[in-house]
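Reading through the structure tokens given below for one structure.
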Amino acid sequence: MSNDPRLIIALDVYDLAKAINIASETADICFAFKVNWPLVMNSGVGAISELSRFGRVICDFKLADIPNTNTLITDRARSAGAWGIISHSAVGEDSLRAVVKSAKSMKVFSVVYMSHPGWSDIMGDSLSRLISISRSAGVDGLIGPGNEPDVLRKIRQYEKQLPILAPGIGAQGGSPLKAIQAGADYIIVGRSIYSSDDPRRSAMALLDDISGAGPPERILE
């Protein structure tokens with residue numbers, strides 16, 4: 001792993017071979033890999049197992065269902081070798097708590113604010129409540145928008161202890177350094193890396209950008 005392991009690479013692609021190639025090239029310079037439904041739907045749940053050979057895998061499934069369904073999905077992700085899983089907090093504490101219970105040693109991260117503009121249409125005023133739900137449910141970290149530093153500052157103001165993982169970097173306009181300065185402990189970057197002709201070089205450029213920030217204040221293990 002990198003000496004400054006703040007980077008999580010989002011492998012939001014369909015092709016497992018491409019995902020494996022990027023993982024093999026960047027495993028030593030990132031903290032974890034994030035996989036989403038496109039890869040799992042196209043390549044099967046075995047993609048989680050394959051990628052876990054190269055490092056930690058976070059399943060970005062944004063679980064948003066009743067407790068039983070969330071439990072079933074979490075169980076399957078854990079058995080496939082996932083290190084972490086992402087769930088919505090907006091479905092309520094009972095559903096989020098079901099994910100935490102099923103996860104066992106697997107890390108659970110809850111979404112309290114997404115990185116696309118539509119989130120604020122309905123959920124923009126719910127930030128403090130979603131953080132409270134997440135804290136009560138016992139999650140290991142929060143997901144907040146790296147392209148909205150003001151929101152990240154609010155998240156950090158409400159929650160001092162839990163790590164913040166921030167997507168929205170690069171293609172969605174977020175600056176990795178500004179996100180960290182606003183309170184993010186880890187940055188999640190996808191398109192800027194997996195769409196690059198040289199993913200490792202692009203990842204290294206991001207690490208150079210945040211090299212002066214030092215290690216995360218709130219470390220995940």
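Evaluated against (1) farther than 24 Å from Ala166 by Cβ; (2) touching a helix residue (DSSP H, G or I) at 6+ places or on another chain (Cβ under 9 Å), Phe33 falls short on exactly one condition, (1).
Has segment 65-77 got at least one residue that is in contact with a Lys or Arg (Cβ under 6 Å, 6 or more places away or on another chain) and within 30 Å of Arg129 (Cα to Cα)? No, every residue in segment 65-77 fails to be in contact with a Lys or Arg (Cβ under 6 Å, 6 or more places away or on another chain) and within 30 Å of Arg129 (Cα to Cα). Looking at the structure I just gave you, is Ser128 over 22 Å from Ile48 (Cα atoms), in a loop (DSSP other than H, G, I, E, B) and not charged (D, E, K, R)? Spelling it out, it is not the case that Ser128 is over 22 Å from Ile48 (Cα atoms), in a loop (DSSP other than H, G, I, E, B) and not charged (D, E, K, R). Filtered by the rule that a residue be farther than 23 Å from Ala17 by Cβ and acidic (Asp, Glu), segment 167-203 gives a lone residue, Asp185.
Could you tell me which of the residues Gly141, Gly92, Gly124, Gly81 is of a type outside the set (Ser, Thr, Tyr) and at pLDDT below 95? Every option except Gly124 fails the conditions.
Number of residues in segment 88-105 that are in contact (Cβ under 8 Å) with a residue 40 or more places away in the chain, buried (at least 18 other Cβ atoms within 10 Å of the Cβ) and not in a helix (DSSP H, G or I): the value is 2.
Taking segment 183-221 as the range and being of a type in the set (Gly, Ala, Ser) and over 17 Å from the mean Cα position of the chain (by Cα) as the test, the residues that pass are Ser195, Ser196, Ser202, Ala205, Ser211, Gly212, Ala213, Gly214. Note on segment 36-87: residues that are in a helix (DSSP H, G or I) and of a type outside the set (Asp, Glu) total 24. Filtering segment 11-35 to residues that are assigned to a loop (DSSP other than H, G, I, E, B) and either farther than 14 Å from Val189 by Cβ or more than 15 Å from the chain's Cα centre (by Cα) (or both) leaves Val13, Tyr14, Asp15, Ala27, Asp28, Ile29.
For every residue, the table says whether it meets (1) in a strand (DSSP E or B); (2) surrounded by fewer than 22 Cβ atoms within 10 Å (Cβ to Cβ).
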| site | (1), (2) |
| --- | --- |
| Leu165 | yes, no |
| Ala171 | no, yes |
| Lys178 | no, yes |
| Ala184 | no, no |
| Ile187 | yes, no |
| Ile193 | no, no |
| Asp197 | no, yes |
| Ala203 | no, no |
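For segment 205-221, taking the residues that are out of contact with any helix residue (DSSP H, G or I) (no Cβ under 7 Å at 6 or more places or on another chain), of a type in the set (A, V, I, L, M) and assigned to a loop (DSSP other than H, G, I, E, B), the one that is surrounded by the fewest Cβ atoms within 10 Å (Cβ to Cβ) is identified as Ile219.
For every residue, the table says whether it meets (1) under 18 Å from the mean Cα position of the chain (by Cα); (2) farther than 23 Å from Arg6 by Cβ; (3) surrounded by 22 or more Cβ atoms within 10 Å (Cβ to Cβ).
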| residue | (1), (2), (3) |
| --- | --- |
| Trp37 | yes, yes, no |
| Ser43 | no, yes, no |
| Phe54 | yes, no, no |
| Thr69 | no, yes, no |
| Leu72 | no, yes, no |
| Val108 | yes, no, yes |
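The values are calculated or read from the model by the stated rules, or taken from the named source; none is laboratory data. Just so we're clear, the structure is a prediction, and the values are computed from it rather than from any experiment. A quick note on method: Cβ atoms are made from the backbone with ideal geometry, for glycine too, and the neighbour counts reach across all protein chains shown.
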